[in-house]
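Remarks on the structure that follows.
The values are calculated or read from the model by the stated rules, or taken from the named source; none is laboratory data. Bear in mind the structure is a predicted one, so any value in this text is a computation, not a measurement. Reconstructed Cβ throughout: ideal geometry from the backbone, glycine too, with neighbour counts over all protein chains shown. Side chains are part of the model used for accessible areas, which takes the heavy atoms of the whole protein and leaves out ligands, DNA and RNA. Shrake-Rupley method; radii C 1.70, N 1.55, O 1.52, S 1.80 Å.
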Amino acid sequence: MRIKAFGYALFALIMTPLMATLAQQKQFTLEDLNFGGNNYYNMSPKNMYLTWWGDVLMYQDAEETGTVDMKTGEKKTLFTLDDVNGAWSGDKMRSMMNVRFPYPEKPLALLRNGKQRLLYDWQKKVVVWSRNCENEAFADWNSKSKAVAFVRDNQLCITDAEGKTTQISTDGSRDIVYGQAVHRNEFGIMSGTFWNNDGTRLAFYRMDQSMVTDYPQVNTFERVAQYAPDKYPMAGMTSHKVTVGVYDMNTGKTVYLDAGDPTDRYFTNIAWAPDSKTIYMQELNRDQNEMQLVAYDAITGVRKDVLYEEKSDKYVEPQHPIVFLPWDNSRFILQSQRDGYNHLYIVDTKKKVYPDTHETDFGVEYKCYFKTTQLTSGSFVVQEIVGFNAKKKSVIILSNEKSPIQSNVFAVNTSTGKRQMLDNGRGVHYGVLSTSGSLMYDKYSEPDVPRNIEIINTATAKRDRIFSAPDPWIGYNVPEYSCGTIKAADGTTDLYYRMVKPIDFDPAKKYPTVVYVYGGPHAHNVDARWHYMSRSWETYMAQKGYLIFVLDNRGSENRGLAFEQATFRNLGQEEMKDQMKGVEYLKSLPYVDTERLGVHGWSYGGFMTISLMTNYPDVFKVGVAGGPVIDWKWYEVMYGERYMDTPESNPEGYKRTSLIDKAKDLKGKLQIIIGMNDPTVVPQHALQFINACTETGTQPDFFVYPGEGHNMMGHKSVHLHERITQYFEDYLK
């Protein structure tokens, strides 16, 4: 008895401090973790908000701005918000967070509030220039001419440096759209106006969508609900017509590029030649399997040359405008996936060549009409051109050469193609170059690094760390995040996954498991940043005792053309096969409760969630599908036809991928959540699936957010994620 009592005492002596430590660990709430939460900012890794004044590093803060020592990170205030407002008699500036320094050799700061745009000289402490900027939508200000292009009352306007406003268009309306992104922001289009170098000529989009069908959205916030339609061209239906105009501030005249009939064509990646005499544009047919890079005379609008052509047996997807070498006005960089991965090619506009047709192993034919040299090559993706170091004649890029889940900074010699890695070779990096390109601030994270900021010399690769964010989750019960690979359904391709294990994980227990899925093009869920890019909701679920599994299937981004195009004309099918390989892996783990498998995703992930729930009804017990595509014939024309072709040309594919006929196969508990005014995946999708369920006798649950779009904004996002969580708590746990 004495021995047993001693054993109990020893056990208590060991466990008491351990239990006290565990009790002291804080628990997360969605207010901490969700981006709409009231404590989210405090729980996110700290940051420095930086910009460049020439090659001088500057910090941005709400109340002040100044220089940053590029060795130590020490800040030195140059001027404050009070200084600016003290020198300014107009409406007060409210924040310095948007301050810019557009003139490398002048001590001038550009600031803007809702009513004025001004330049402040911090050495003389005076405002040297200001202009009214009220009611400027889609504003695009040029630092050289100080002119701004904007849209007001549907009309495209320009206000010059002296404050004179010229209305360029007269027929702007809901049907005729000027100066805005077109083609529903596909093909990398994020803007509708494009200044030449000196800010005296403006290229702009004009989109005629009068022929496009209205989707009947409804505003329910009025006393009597009001009709609030969206222009929404669905796959196979009539699309809009786009033209490109050029306005010359010196002559006051507008010409349109003579690109021919715009019917069933897409115009993208507009770029100016350095001498402002030529405009370049990439043009696609409606099938999106043929692309031409075309040069136009910017003065007359006349078509001059075809420089490059590319055709694919699937689709061509140009995302990047050409970029001229800063030291050579005759050569530019073109990006293409023709050899299977996105790479850089240098085109010499002074050297015409005979356009022989070449074919690659990836079903791509191409013709070069001017001498073209491949600059980068290999089984990796060039993700971004950051800029140039003109002195070294190098282009600075981000690529995943080191690992498919990393993004690292390289300097590429434009003469030899030799690449020099500039960062630490780990993690996911994001860089911004100084004006000369000789320096870059590099913000990056790694799986166990919340955020670091380093200054990189792009010529020598010397790095100086100026900031390290502390872990904001110290003192909280944090789960284990891990990353690994499994083979895809093709038996050869590696797929990357993330796993988040429950708090206080015990391998002897069995845990309910939720597969979080997206799976579609131009997105990925797993990379080598903090916590392997884990969404904070996953941490919340791990705290509640769930295991979370996330897999990037074939069809997702940054893995090359064959990987991405494996889903062509057959969306959801190969993706499901890969996701089920993930489930197969989960079933091999003794701590996964295979009787309690759930699945959740949003948008394309909502489509995947219902696809998995109905195609594998005995595998998934519970699902939550947000904003799901149900039938691709109801999705928008550019995206839908790129990956599926038209319903008329691919009827079998549309039938196979539609979830309407799968409603009868639903067995588990499924909650569908949408924004009532979703302009991306219109409510028709969810409503028609629910109707199909009522006709076949299956019983999904449905929740709608009035007035919300494709994503729930602000604090409603907290409500949304609590609702998602509760559904799994009610039916999976």
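Of the accessible area of the stretch 201-252, with the probe set at 1.4 angstrom, what percent is carbon plus sulfur? Answer for the stretch 201-252 is 48 percent, counting heavy atoms of protein chains only. Split the accessible area of the stretch 92-157 by element, probe 1.4 Å, and carbon with sulfur accounts for 45%.
Whenever you get a sec, compute what percent of the accessible area on the stretch 668-733 sits on carbon and sulfur atoms (1.4 Å probe).
On the way: 1490 of 2780 Å².
Ligands and nucleic acids excluded, carbon and sulfur reach 53 percent.
Rolling a 1.4 angstrom probe over the protein heavy atoms with all chains in place gives the stretch 100-191 an accessible area of 47 Å² per residue. Can you work out the FRET efficiency for the pair Ala62 and Lys487, with r the C-beta to C-beta distance and R0 = 45 Å, to the nearest 0.05? Working from the Cβ atoms, E equals 0.35. Note on Ser330 and Asp258: their simple-model spin labels are 2.6 nm apart, each label 7 Å out from Cα toward Cβ.
Write down, largest first, the equivalent ellipsoid semi-axes of the stretch 197-241 in whole Å, where each equals the square root of 5 times an eigenvalue of the alpha-carbon gyration tensor. Could you put the intermediate results ahead of the total?
Working: eigenvalues 202, 68, 9 Å².
For the stretch 197-241, the ellipsoid semi-axes come out as 32, 18, 7 Å.
Straightening the chain between Glu134 and Lys92 buys 13.7 nm, computed as 0.36 nm per residue apart minus the Cα-Cα spacing.
What whole-number value in Å² describes the accessible area per residue of the stretch 308-376 for a 1.4 Å probe? Kindly include the intermediate steps, with their values, before the conclusion.
Working: 3140 Å² over 69 residues.
I get 46 Å² per residue for the stretch 308-376.
Based on Cα contacts under 8 Å between residues 6+ apart, the stretch 604-733 shows a relative contact order of 27 percent. Farthest towards the positive end of the charge dipole of the chain, among the residues Val395, Ala87, Gln684, is the Cα of Ala87, using unit charges on the Cβ of Lys, Arg, Asp and Glu. Maximal additional length on extending the Ser403-Asn219 stretch stands at 61.5 nm, based on 0.36 nm per residue less the C-alpha distance. Can you list the residues of the stretch 541-574 with backbone N under 11 Å from a point 7 Å past the Cα of Asp593, pointing along Cα to Cβ? Counting backbone N atoms under 11 Å from the label point, the list is 545-547.
Take the Cα radius of gyration of the stretch 197-350 and divide it by 2.2 N^0.38 Å, N being the number of residues; the result is 1.26.
The distance between label points at Asp297 and Lys26 comes to 6.7 nm (points 7 Å beyond Cα on the Cα→Cβ vector).
Every helix of 4 or more DSSP H residues in the chain counts as -39500 (n - 2.57), and over all residues that averages to -5000 deg cm²/dmol at 222 nm.
Relative to the current alpha-carbon distance between Phe703 and Glu105, full extension at 0.36 nm per residue lengthens the span by 209.6 nm. Taking the longest Cα principal axis of the chain as reference, the axis of helix 604-615 is set at about 40 degrees.
With all protein chains kept in place, the per residue accessible area of the stretch 444-488 amounts to 42 square angstrom at a probe of 1.4 angstrom.
Taking Cα pairs under 8 Å and at least six residues apart, what relative contact order does the stretch 207-352 come out at, in percent? Don't jump to the answer; show the numbers that get you there.
Numbers: 279 pairs, mean separation 19.7, N = 146.
The normalised contact order for the stretch 207-352 reaches 14 percent.
According to the Cα-based calculation, Rg over Rh for the stretch 361-481 is 1.07, with Rh computed by the Kirkwood formula.
Note: relative contact order over the stretch 155-234, using C-alpha pairs below 8 Å and six or more positions apart, is 20 percent.
Can you tell me the alpha carbon radius of gyration of the chain divided by the globular rule-of-thumb value 2.2 N^0.38 Å?
Working: Rg = 27.8 Å, N = 733, 2.2 N^0.38 = 27.0 Å.
With N residues counted in the chain, Rg over 2.2 N^0.38 Å equals 1.03.
Per-residue surface analysis assigns Leu257 an accessible area of about 20 Å², computed on protein heavy atoms at 1.4 Å probe radius. For Thr80 and Tyr49, the FRET efficiency from 1/(1 + (r/R0)^6), where r spans their Cβ atoms and R0 equals 22 Å, is about 0.90.
Rounded if a/c is under 1.5, else prolate if a/b is larger than b/c, else oblate: which is the stretch 418-524, with a ≥ b ≥ c the root eigenvalues of its Cα gyration tensor? Don't skip to the end; give the middle numbers.
Working: a/c = 3.01, a/b = 1.61, b/c = 1.87.
Since a/c reaches 1.5 but b/c is at least a/b, the shape of the stretch 418-524 is classed as oblate.
Its residues counted as N, the stretch 483-537 yields a C-alpha radius of gyration over 2.2 N^0.38 Å of 1.31.
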